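Only one structure is covered here, and it is reproduced in the block below.
The values are calculated or read from the model by the stated rules, or taken from the named source; none is laboratory data. All of these numbers come straight from a predicted model, not from anything done at the bench. Glycine also receives a Cβ, built like all others from the backbone with ideal geometry; neighbour counts cover every protein chain displayed.
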Amino acid sequence: MKTNVFFKNKGPIKLEKIITVCSPISFPKNTSLNIFDIKDLISASDKDITFLNSSKYKELSINTKATACITTQKLQKFLPNDCKAIIVENLMLNLAKVTKLFYPDSQLDELDKTLIPSDKIKDKYSNVSFGQNVLIGENVVIGINSLVESNTIIEHNVTIGENCVIGSFVTLKNTIVEDNVCIQSGCKIGQMGFGFIPDEKKNYRIPHIGSVILRQGVELGVNCTIDRGSLSNTIIDENSFLDNQVHVAHNVKIGKNCMIAGQVGIAGSSTLGNNVVIGGQAGISGHLKIGNNVQIGGGSGVIKDVPDNSKIMGYPSINFRDFIRKMEL
Amino acid sequence: MKTNVFFKNKGPIKLEKIITVCSPISFPKNTSLNIFDIKDLISASDKDITFLNSSKYKELSINTKATACITTQKLQKFLPNDCKAIIVENLMLNLAKVTKLFYPDSQLDELDKTLIPSDKIKDKYSNVSFGQNVLIGENVVIGINSLVESNTIIEHNVTIGENCVIGSFVTLKNTIVEDNVCIQSGCKIGQMGFGFIPDEKKNYRIPHIGSVILRQGVELGVNCTIDRGSLSNTIIDENSFLDNQVHVAHNVKIGKNCMIAGQVGIAGSSTLGNNVVIGGQAGISGHLKIGNNVQIGGGSGVIKDVPDNSKIMGYPSINFRDFIRKMEL
Amino acid sequence: MKTNVFFKNKGPIKLEKIITVCSPISFPKNTSLNIFDIKDLISASDKDITFLNSSKYKELSINTKATACITTQKLQKFLPNDCKAIIVENLMLNLAKVTKLFYPDSQLDELDKTLIPSDKIKDKYSNVSFGQNVLIGENVVIGINSLVESNTIIEHNVTIGENCVIGSFVTLKNTIVEDNVCIQSGCKIGQMGFGFIPDEKKNYRIPHIGSVILRQGVELGVNCTIDRGSLSNTIIDENSFLDNQVHVAHNVKIGKNCMIAGQVGIAGSSTLGNNVVIGGQAGISGHLKIGNNVQIGGGSGVIKDVPDNSKIMGYPSINFRDFIRKMEL
């Protein structure tokens, strides 16, 4: 992720201050240096802090440029020698606290106080058609020939491309919409996702500093819900079409030319390849990798990674032929 | 379908012009005649064009009055001798292109520029109660004793009967609502359905020139979504009740006195008889025929036609007794 | 339930008048006495009428203080001697009619004519932040440091605690919201539930005189739907978090510290204990009791009571280990 246009970064913050919000088992000694941002292993520059939460990412971590890293005792060995390790037990909680330190406004959806009725700023958007009671925040960009239907809210810094159709009763925040995108009525896009560290007294919300990116030609049916990412972005790639009432959780990546039927749900951080077809009401568990050209039957429950070119169905989903065979028993 | 009140017909259009938007394998010679509309096999008059896409409809096609028909090489034999056949390979794509020629505004949901706040036209609706910020389009009819809650949008040419309750945040377009209907808040009704011809570069949207018809005494729970039909209508018949978050796709017909529980999804072009009861979260695949008095257990996935008076459950759904027996294994 | 703040009670009503709206098989003789309210077996005082619809509640009924009770021939024996029994055949229909007699406004959602734009009554809510076009009804209370995003509707007598976040396009009616609650955009809360007595000509709606209670620290994702109770309340207890598009039906009680993922549906009158975790798209049938610390896998269909500390999955749901074993067959 480049400079975050949606959330204000309070950095630079001294490493010693970062350590005070953590509950570290051990931490580096020279801590007076400035840390500018918190980023993932790849994006982090030598002025940033990062995190390592699984040995799955050891190839990335060994090459990270980050100057410091939040991780666990067990994973520390996968860091470069010159990367300062902050060793913690509860990685997610400490990561959330440090993220909140940099981005204090990212834990809840704040009220956008910059909203202005489109009637008052029509001149700024001379080639855009507006319905009534549309509310537009500061620094919103909308391309030519786009239309926005009545009662919709487009919050500060959102970008919308050319030839887009945005229905009524839509909320767009922390979102980048490319050209030729169609978002039907009632969609809620870019709000914080469902992520928190459970606590009997008061759950601790994970900050969400990511965005939603809808690439060229994407279509969303009515009443879809697309949460923004926590530390990465939620992305729907070119020419993918979603039907009504589809739920896409935080950090999900959907490839190109996908067809996703009504009421499908995709849980957090899962990745879909290109040309994936999903039947109505199917569910994809979190953190899965669905390959290219995969076909998933309606109502399926997918709980494992799926290789390219597979055709699956069932709950839990299995090879389509096996599903048909089982049915006949 | 009679004269379309929601979409402007650009007809008459010369047959030779219609042929130019198709990619025909063969087409009739005398093509200077005027074609007035595109309709299904039964509705078409001798001034209209129609289409035949399956041998299932051969009984209808042999009796069609249409002067021309888009079809395939294989199906051509089911047409009357005097019906001019336009033979194509990709029937759906050619049909979509011809439909768009007659109804250019039906491929996307256009901005309704006729919307006026109800405050300004209250006199026109003297026996109707309005909440605040209700937007009403041109030629909207609302019967006496009906009420419309705040922030709702009723687009041009929509008709609402007497004694109806329309909740807040509802969008009604291309819809006919009969008497005593209750539509709860957040419903989105009459938008284009999920239909397109996939194309790697840019999917081609199927025009939707149909409407939604909600007959007497229908009730829709909050946040339901009912898409309008593509070439026919989406219909919910008398006294059928739908719970919250139900999704009804384009061209679906639901009979009388049906009870459909929360989060059910009914895919495109399926037909339900009368007195059908569906438990929560069940899904009905597309193009199915569900008989009268059918009971479908919650969570079921229905992928085959269901005869009258059946009681089914399961994924995929089977006879209810067999489902219970399987459970006990 | 104490005095109902949301629905006007037309009581006292003479018992003889109550009997005239019933179709009783038998009824008490001295019927000139005044009845003040209709309540459940426990809440009813000696001036109220109650109802008994199952022998499950015989321990409660034998101790009820109610002066009269609607019940059936078979259940009459579980009433105290001095409780006047109105014996009917169709208990639900008679109960609905008597409830409507006391609360005539509870059968449909009426238009709230007291709504005023927040701009005009900001002084009343000096420590609350409002977006634009917020509509507030009579007697609404909102605690300090709470914020309400644009276009949201808060109907008469709703109470919201301190430090709450209410998103945009939310409808709140007949609802009590405690402190530190977060309701994301598009939620519809407190409308009448899906309850009616089927009738071929015109279904008879069951009055809904209950409320929704969201206790401290509750979070609801976008586009959730929470129906109010019919004769009891719908309750979500402290620190429970719901993801997007969750549907909670009338009379449901959800315990403390529950985590409920996206698109889950909970049918009417079911009860969840504390610390219940439910995966995405799972469904819970009506009238079930789910114990404390229960874990329910995504996509499950729960159709039986679940004891404390169980881990279940499947459709229908079974013990998690058995589910895994079956998968491997």
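Which of the residues spanning the stretch A:157-180 are within 18 Å of the chain's Cα centre (by Cα) and farther than 25 Å from B:Val134 by Cα?
Passing the criteria: A:Asn157, A:Val158, A:Thr159, A:Ile160, A:Asn174, A:Thr175, A:Ile176, A:Val177, A:Glu178.
Which is in contact (Cβ under 8 Å) with a residue 24 or more places away in the chain, not β-branched (Val, Ile, Thr) and not assigned by TED's automatic domain parsing to the domain that holds A:Asp227, of A:Leu111, A:Leu75, A:Leu101?
So the residue among A:Leu111, A:Leu75, A:Leu101 that is in contact (Cβ under 8 Å) with a residue 24 or more places away in the chain, not β-branched (Val, Ile, Thr) and not assigned by TED's automatic domain parsing to the domain that holds A:Asp227 is A:Leu101.
Check whether at least one residue in the stretch B:19-28 is touching a Pro at 6+ places or on another chain (Cβ under 8 Å) and either more than 19 Å from B:Asn233 (Cα to Cα) or surrounded by fewer than 16 Cβ atoms within 10 Å (Cβ to Cβ) (or both), and report yes or no. Before the answer, list the steps.
Start the filter on the stretch B:19-28 by keeping residues that are touching a Pro at 6+ places or on another chain (Cβ under 8 Å), which leaves none.
No, the stretch B:19-28 has no match at all.
For the stretch B:39-59, enumerate the residues that are modelled with pLDDT of 95 or more and either under 21 Å from B:His287 (Cβ atoms) or in a strand (DSSP E or B) (or both).
B:Asp48, B:Ile49, B:Thr50, B:Phe51, B:Leu52
Please go through the stretch B:60-89 and give me each residue that is under 22 Å from B:Val21 (Cβ atoms), assigned to a loop (DSSP other than H, G, I, E, B), of a type outside the set (S, T, N, Q) and in contact with a helix residue (DSSP H, G or I) (Cβ under 9 Å, 6 or more places away or on another chain), ordered by number.
Correct list: B:Leu75, B:Leu79, B:Cys83.
Return yes when C:Ile226 is under 29 Å from A:Ser285 (Cα atoms), within 18 Å of the chain's Cα centre (by Cα) and within 11 Å of another protein chain (Cβ to nearest Cβ) and no when it is not.
For C:Ile226, the condition - under 29 Å from A:Ser285 (Cα atoms), within 18 Å of the chain's Cα centre (by Cα) and within 11 Å of another protein chain (Cβ to nearest Cβ) - is met.
Of all residues being within 14 Å of chain C (Cβ to nearest Cβ) and surrounded by 19 or more Cβ atoms within 10 Å (Cβ to Cβ) in the stretch A:112-131, which is nearest to B:Val134 (Cα to Cα)? Just the residue, please.
Among those residues, the one meeting the criterion is A:Gly131.
Identify, please: which residue in the stretch A:198-214 is under 18 Å from the mean Cα position of the chain (by Cα) and farther than 10 Å from A:Gln107 by Cβ and is, among those, surrounded by the fewest Cβ atoms within 10 Å (Cβ to Cβ)?
Applying the filter and picking the extreme gives A:Ile213.
If I filter the stretch C:199-235 down to residues being assigned to a loop (DSSP other than H, G, I, E, B) and charged (D, E, K, R), which single residue comes out as nearest to C:Glu162 (Cα to Cα)?
Top of the filtered list is C:Arg215.
Check off (1) closer than 17 Å to A:Gly229 by Cβ; (2) surrounded by fewer than 17 Cβ atoms within 10 Å (Cβ to Cβ); (3) not polar (S, T, N, Q) for A:Ile62 and give me the number that stays unchecked.
(1)
With C:Gln281, C:Gln245 as the choices, which residue is crowded, with 23+ Cβ neighbours inside 10 Å, under 30 Å from A:Leu108 (Cβ atoms) and touching a His at 6+ places or on another chain (Cβ under 6 Å)? Full working, then the answer.
On the way: C:Gln281 fails: touching a His at 6+ places or on another chain (Cβ under 6 Å).
One residue alone meets the criteria, C:Gln245.
Consider A:Gln263 against the criteria (1) away from chain C (no Cβ under 13 Å); (2) closer than 23 Å to C:Phe241 by Cβ; (3) polar (S, T, N, Q): it satisfies all of them except one. Which criterion is unmet?
Every listed condition holds for A:Gln263 apart from (1).
Name every residue in the stretch C:148-173 that is of a type in the set (Ser, Thr, Tyr) and more than 24 Å from C:Gly210 (Cβ to Cβ), in order of residue number.
Once the filter is applied, which keeps residues that are of a type in the set (Ser, Thr, Tyr) and more than 24 Å from C:Gly210 (Cβ to Cβ), the stretch C:148-173 yields C:Ser150, C:Ser168.
Considering every residue within the stretch B:239-252, establish whether at least one is within 10 Å of the chain's Cα centre (by Cα), free of Cβ contacts under 8 Å to residues at least 60 places away in the same chain, within 25 Å of C:Gly268 (Cα to Cα) and more than 8 Å from chain C (Cβ to nearest Cβ).
yes
Counting only residues that are more than 14 Å from chain A (Cβ to nearest Cβ), in a strand (DSSP E or B) and more than 15 Å from the chain's Cα centre (by Cα), which one in the stretch C:270-291 is farthest from A:Gly268 (Cα to Cα)?
Of everything passing the filter in the stretch C:270-291, C:Lys289 is farthest from A:Gly268 (Cα to Cα).
Could you give every pair whose Cβ atoms fall below 9 Å, whose first residue belongs to the stretch C:293-304 and is more than 15 Å from C:Ile254 (Cβ to Cβ) and facing another protein chain (nearest Cβ under 10 Å), and whose second residue is hydroxyl-bearing (Ser, Thr, Tyr) and part of a strand (DSSP E or B), counting only separations of at least 6 or pairs across chains?
Final answer for the pair search is C:Gly297/C:Ser317; C:Ser300/C:Ser317; C:Gly301/C:Ser317; C:Ile303/C:Ser317.
Among the residues of the stretch A:135-150, count how many are more than 10 Å from chain B (Cβ to nearest Cβ), part of a loop (DSSP other than H, G, I, E, B) and surrounded by 18 or more Cβ atoms within 10 Å (Cβ to Cβ).
4
Out of (1) surrounded by 24 or more Cβ atoms within 10 Å (Cβ to Cβ); (2) within 14 Å of chain A (Cβ to nearest Cβ); (3) over 29 Å from C:Tyr204 (Cβ atoms), what's the single condition that is false for B:Leu220?
(3)
Using beta carbons and a limit of 6 Å, which pairs, at least six apart or on different chains, have the first residue in the stretch B:162-182 and within 14 Å of chain A (Cβ to nearest Cβ) and the second one in a loop (DSSP other than H, G, I, E, B) and among the acidic types (Asp, Glu)?
Hits for this filter: B:Gly167/B:Glu149; B:Ser168/B:Glu149; B:Lys173/B:Glu155.
Conditions: (1) assigned to a loop (DSSP other than H, G, I, E, B); (2) within 13 Å of another protein chain (Cβ to nearest Cβ). C:Arg325 meets all but one. Number of the miss?
(1)
Do you know which of the residues in the stretch A:151-161 that are touching a strand residue (DSSP E or B) at 6+ places or on another chain (Cβ under 8 Å) and part of a loop (DSSP other than H, G, I, E, B) is nearest to the other protein chains (Cβ to nearest Cβ)?
A:Asn151
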